[in-house]
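Some notes on the structure that comes next.
Quick note: the coordinates plus some simple rules give every number you see, no bench work behind them. Since we're looking at a predicted model, the values are computed, not measured. Quick reminder, even Gly has a Cβ in these numbers, built from the backbone with ideal geometry, and neighbours come from all protein chains shown.
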Amino acid sequence: MACCLLLAAPPAMGAGIEVEVAGVDGPLRDNVIAFLSLMRYSGAADLDQDLVDRLALRAEREVGSALRPFGYYEPRVTIEVTPLKDGWKALVTVERGEPVVLVEAQVEVEGPGRDEGFLREVIDQSPLRVGRQLSHADYDQVKGELQRAAASHGYLDATFSRAELRVDPKRHEAHALLTLGTGDRYRFGPTTIEQDFLDPDLVRRYLRYRQGDWYDATRLLRTQFALDDSGYFAVVEVLPEARDRAARTAAVRITSERNKRDRYRIGAGYATDTAWRVLLGWENRRLNRNGHRLSAEARLSSLEERVELGYVIPWQDPALEKLSLRLLAGRVQNGDISTTGVSLRPGLTEVIGTWQRGLFVNVDYTRDKFPATLAGAGASYQQHLLLVPGVSYGRLPAGFLDDEDVSRSLYVELLGSTGALGSDSNFTRLLVRDERRFNLGESWRLLLRGELGASAVGDFDELPAQYRFFAGGDRSVRGYGYDELSPKDELGNAIGGRHKAFASIELERDLPRNFAAAVFVDGGNAFNRFGDPLEYSAGVGLRYRLPFLSIGIDVAKSVSEPGRSPRFHLNFTPIL
């Protein structure tokens, strides 16, 4: 029922309509507004009394259409239009009425795939339940999810033999009836790869499936990601071909365009740990048809001046495995110890189950410059020639294809050196770190970080600075300077410790315009005996992310040392 009250003395031509909707809120109100012609004409410049009358007469039908998908088939709608000096005001009042309820909800699967777990899961989680209010969106959702789940897992001929939503508005009853016939399941057929600049066998080793496997659309997607991330291709597309219904196979075609051979990187950033830092890099992404890579990188900051050369050979699974050789030379600051020298690191990265294992050997020739330990004394030096074999394990996240993902998940590293191998020092060192991010609703995130290090060494004075533990700084215990937390010598110089423990809890909230706010608590220290006291801090932060730059600002205050002034942490990080 609609009631339109149009008062005399209409306003002049060109005025608009102010529309108010009452009686409904949330998604219902949004849908009513989307359907109302009154709302679409609210800013029109050529309105007159006749047009406003016609728009008001449409409103009842439009509100009914807007509410039907939510199960309201008999709403009562009142429209009051009042002339104003400079336009009209339309008040649309809605009484939803009694909702339609599901009295029958049947979702079934027939055919060879009727017992598949991924289809049963869709049915088990279906919102279509007897006694629930009718929702057209729920019906469409279940129908779409069944079709997508079947097609994604190889049931490419799946169709609905029954798809009915019957509504009796007078009795306020609805029947939802869905029956999916799966048909036979398809397997992967042959794959055609269109490229002429890499060894075909290398490219085929990027495929996340094999011919004869059950067809799975997620494997095609992961293949697309693997080829994209390889860096060899400027454009690559992994697409299913027309299926062979007789053989029940689906062929795949991969088309590509070669990427530029050389890649250059240049970046600058700022952090309170390093002050200004500069990066220059070059990579030849395709030395030969076997996909070998050569790279060079230079880093400059107050904490390091370092040049690194790298050579990478793709291994059995080139998306996840590699044979590498790295040569590093330069200076690094560890606490109050300055280390210069050269390090050569050959390594093999392999995948074992859900872990990425790294086998490596560090060949180090370094010189540590220690600060004076007594008043009036000069700096002292210590040279090291080391052969340090090691092994690391990184937990692979689901769908992993990026080294950065491993660095943010569970990581374990064990290395050591012994005089039996010709080294100047005997030690064993274990490092465990983990980082987890949890989404707490639409705008909240919880970030947990932790690190535990331990070493066994006979004479600690012989342990090179690069293998000692330090804590404090932007990525450690905030509220303290970089590498400030560690055992001290007689003059208070940070000289590192045998062990380390660190943990951080951070709660982040998204804000408008790419901002986010955070509160956090950090705790940790580097020490020589387990049981030594830890230092704690708490603070707040602000994040701002641009397409090319991430800016982080934190203010942290020590809790364990109340007399300490708050410390400001600033980090400009280029997104390369």
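What does the charge count around Val238 come to, taking other residues whose C-beta lies under 10 Å from its C-beta (Lys +1, Arg +1, Asp -1, Glu -1)?
On the way: positive: Arg208, Arg219, Arg222, Arg253; negative: Asp228, Glu237.
Taking every Cβ under 10 Å from that of Val238, the sum is +2.
What do you get for trypsin sites (Lys or Arg not before Pro) in region 452-519 restricted to DSSP loop and a cutoff of at most 14 other Cβ within 10 Å of the site's Cβ?
Numbers: sites: Arg468, Arg475, Arg478, Lys488, Arg498, Lys500, Arg509, Arg513; in loops: Arg468, Arg475, Arg478, Arg498, Arg513.
Those that pass, being in a loop and sparsely packed, are Arg513.
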What does the charge add up to near Ser558, with Lys and Arg as +1, Asp and Glu as -1, over the other residues with Cβ less than 9 Å from its Cβ? +1
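State to the nearest 20 debye the size of the charge dipole of region 187-258 about its Cα centre, where the only charges are +1 on K and R beta carbons and -1 on D and E beta carbons. Can you show the working numbers first?
On the way: 12 positive and 12 negative charges, 90 e Å.
The dipole magnitude comes to about 440 debye.
Dividing the convex hull volume of the Cα atoms of region 154-305 by its residue count, what figure in Å³ per residue is obtained?
Numbers: hull volume 31.3 nm³, N = 152.
Normalising the Cα hull of region 154-305 by residue number yields 206 Å³.
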Pop a pseudo-label 7 angstrom from the Cα along the beta-carbon direction at both Gln195 and Phe548 and give the gap in nm to one decimal. 2.8 nm
Tell me, Thr339, Thr192 in order of fewest to most beta-carbon neighbours within 10 Å? Thr192, Thr339
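Starting from the Cα-Cα distance between Leu359 and Ile313, subtract it from 0.36 nm times their residue separation and give me the gain in nm to one decimal. List each step's numbers first, then the result.
On the way: separation 46, 0.36 × 46 = 16.56 nm, distance 1.47 nm.
That pair, Leu359 and Ile313, stretches by 15.1 nm at full extension.
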Computed over region 427-489, the relative contact order (Cα-Cα under 8 Å, seq sep at least six) in percent reads 25 percent
Based on Cα coordinates alone, diagonalise the gyration tensor for region 187-258, multiply each eigenvalue by 5, take square roots, and list the semi-axes in whole Å, largest first. 22, 12, 10
Using Cα pairs under 8 angstrom and six or more residues apart, how large is the relative contact order of region 465-510, in percent? 34 percent
Over all directions, what mean area does the Cα convex hull of region 428-576 project, stated in square nanometres? 10.5 nm²
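So if we plug the beta-carbon distance of Trp276 and Arg171 into 1/(1 + (r/R0)^6) with R0 = 60 Å, what FRET efficiency do we get, rounded to 0.05? Please report the intermediate quantities before stating the final value.
Values: r = 75 Å, r/R0 = 1.24.
About 0.20, to the nearest 0.05.
Which order results if Ser443, Ser324 are arranged by neighbouring Cβ count within 10 Å, fewest first?
Numbers: Ser443 11, Ser324 17.
If I rank by nearby Cβ atoms, fewest first, I get Ser443, Ser324.
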Kindly write out, for region 344-351 in residue order, the coupling ³J(HN,Hα) from the Karplus curve 6.51 cos²θ - 1.76 cosθ + 1.60 (θ = phi - 60°), rounded to whole Hz, with x marking Gly and Pro. 10, 9, x, x, 10, 9, 10, 10
Modelling each spin label as a point 7 Å along the Cα-to-Cβ direction, I'd like the Glu561/Leu323 distance in nm, to one decimal. 5.0 nm
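Considering Cα pairs under 8 angstrom that are at least six residues apart, work out the relative contact order of region 4-95 and quote it in whole percent.
On the way: 163 pairs, mean separation 41.7, N = 92.
Relative contact order for region 4-95 comes out at 45 percent.
Using helices alone, what [θ] at 222 nm do you get for the chain, with -39,500 (n - 2.57) per DSSP H run of 4 or more residues, divided over all residues and rounded to the nearest 500?
It comes out at -4000 deg cm²/dmol, rounded to the nearest 500.
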Which log10 I(q)/I(0) values does the chain give at q = 0.11, 0.13 Å⁻¹ under the Debye formula, counting every alpha carbon as one identical point scatterer? -1.14, -1.31
Dipole moment magnitude, nearest 20 debye, the chain about Cα centre, only Lys, Arg, Asp, Glu C-beta charged: 840 debye
Size of region 262-574 as Cα extents on the principal axes (Å, biggest first): 54, 51, 36
At q = 0.15 Å⁻¹, work out log10 I(q)/I(0) for region 59-114 with the Debye formula, treating every Cα as an identical point scatterer and leaving solvent out; two decimals please. -0.61
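Taking R0 as 56 Å, what's the FRET efficiency between Asn514 and Ala420 from their Cβ-Cβ distance, rounded to 0.05? Working shown, then result.
Numbers: r = 55 Å, r/R0 = 0.99.
The value I calculate is 0.50.
Computed FRET efficiency, Cβ-Cβ of Trp214 and Tyr264, R0 35 Å: what is it to the nearest 0.05? Walk me through the intermediate numbers first.
Numbers: r = 43 Å, r/R0 = 1.23.
FRET efficiency, Trp214 to Tyr264: 0.25.
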Cβ under 13 Å from Phe515's Cβ, Phe515 left aside: what net charge do those residues give with Lys, Arg +1 and Asp, Glu -1? +2
How far apart, in nm, are two points set 7 Å out from the Cα along the Cα-to-Cβ line at Glu74 and at Gln133? 1.7 nm
